[in-house]
Structure formats: C-alpha cells, structure tokens
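Please treat every number below as a calculation from the coordinates, not as lab data. Here the structure is a predicted model, which is why all the values come from computation and not from measurement. Quick reminder, even Gly has a Cβ in these numbers, built from the backbone with ideal geometry, and neighbours come from all protein chains shown.
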Amino acid sequence: MFSIDYRSPVPLYLQIVDNVERLAARGVLQPDSQLPSVRGLAVELSLNPNTVSRAYGELEARGLIYSLPGRGNFLAASSSALLQAMEQQTLRRLHMLCSEYICLGQPRERWLTLCKEAWQQAENHENGKEEGEKHDRDTGADQTL
C-alpha cells in the first residue's frame, strides 16, 4: 500500500505523508480507518521507527490523522484538511515542473498554454471515464477482468 523511493531527494518521512494523502484522496483510506502501527510500517518499509513517527506527527499537525492512546493512529474525517493537504502536494509537484520548464529557458506564456492543454485533456479523460462508468452501469458491463 505504501511506497518509498529510497533514491528520491524527498525526505522519507515526507514520502510517507504524501502516501497517506494520496491514499486518502483516492478513497483507499477511509475516514476513521486505522493506519499501520509505527513499528509495523517501519518494518514493512525497512525504516527507522522514528521516521514513521515523524511522518505521523506531521500528519497529525496538518489535521489529517488523529491518535488514540493505546489504540493507534486514524485518518481524520475532515475533508477540508484533506483538500488542503492535496493542494499542498499539488503545489509542490507544480513547483518542480515549473522549475524544470524555467531551466529549459521556455517562456511563461508557453507554460500556461501547456497547463491549459493538460487541464483540457484531464477533463476530457475524466468525462470519458465517467461516461464509460455510466455506460457500464446502464448495460451491466464490468470492466474488471
């Protein structure tokens, strides 16, 4: 469920934070669902438990998880905290992409044009996916094999 890139320049604890945010946004983690224990996740990812504890502390500070003493850590039900976290994650990714594009010496206007094109493609993809899902529901077709 969690994936870590040990060669990434992104600190390991932030990769865990990003994993939780992504899994929550996709609905893999449901509100009030329990996260893996600090020790369990540390063993699973071959990390120091302090790294996982730091990630959980960051998630709690952001309002994405809450801790119940003796029971563990749980995903918070606050959709506004999740939305804010996803916006921050998106902003970090956009910052990296903008920096790469600036390094190529390309003008800002071209970047904005590319962003508009990407947005349109994403909307078309999502609309097509929704239409396909609606068609599957209407016809009883199942896309999973």
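Stretched out fully, how many nm does the piece from Glu123 to Arg71 gain, at 0.36 nm a residue minus the Cα gap?
14.6 nm
How large is the helix-only mean residue ellipticity at 222 nm for the chain, computed as the sum of -39500 (n - 2.57) over DSSP H runs with n ≥ 4, divided by its residue count, in deg cm²/dmol to the nearest 500?
My calculation for the chain gives -21500 deg cm²/dmol from helical runs alone.
Sort out the exposed loop trypsin sites (Lys or Arg not before Pro) in the chain (DSSP loop, at most 15 other Cβ within 10 Å) and tell me the longest stretch that has none.
No qualifying site falls inside 72-145, the longest such stretch.
Taking amide H positions as placed in the peptide plane 1.01 Å from N, state which residues far from Ala76 in sequence (5 or more) or on other chains have amide H under 5 Å from it.
Asp32, Ile65, Tyr66
Would you indicate which of (i) 22.5, 86; (ii) 18.9, 55; (iii) 24.5, 79 is the value of Rg and Dmax of the Cα atoms in Å derived from the coordinates of this structure?
Correct label is (ii).
Between Glu60 and Arg22, what is the spin-label point distance in nm, taking each point 7 Å from the Cα along the Cα→C-beta axis?
Output for this residue pair reads 2.5 nm.
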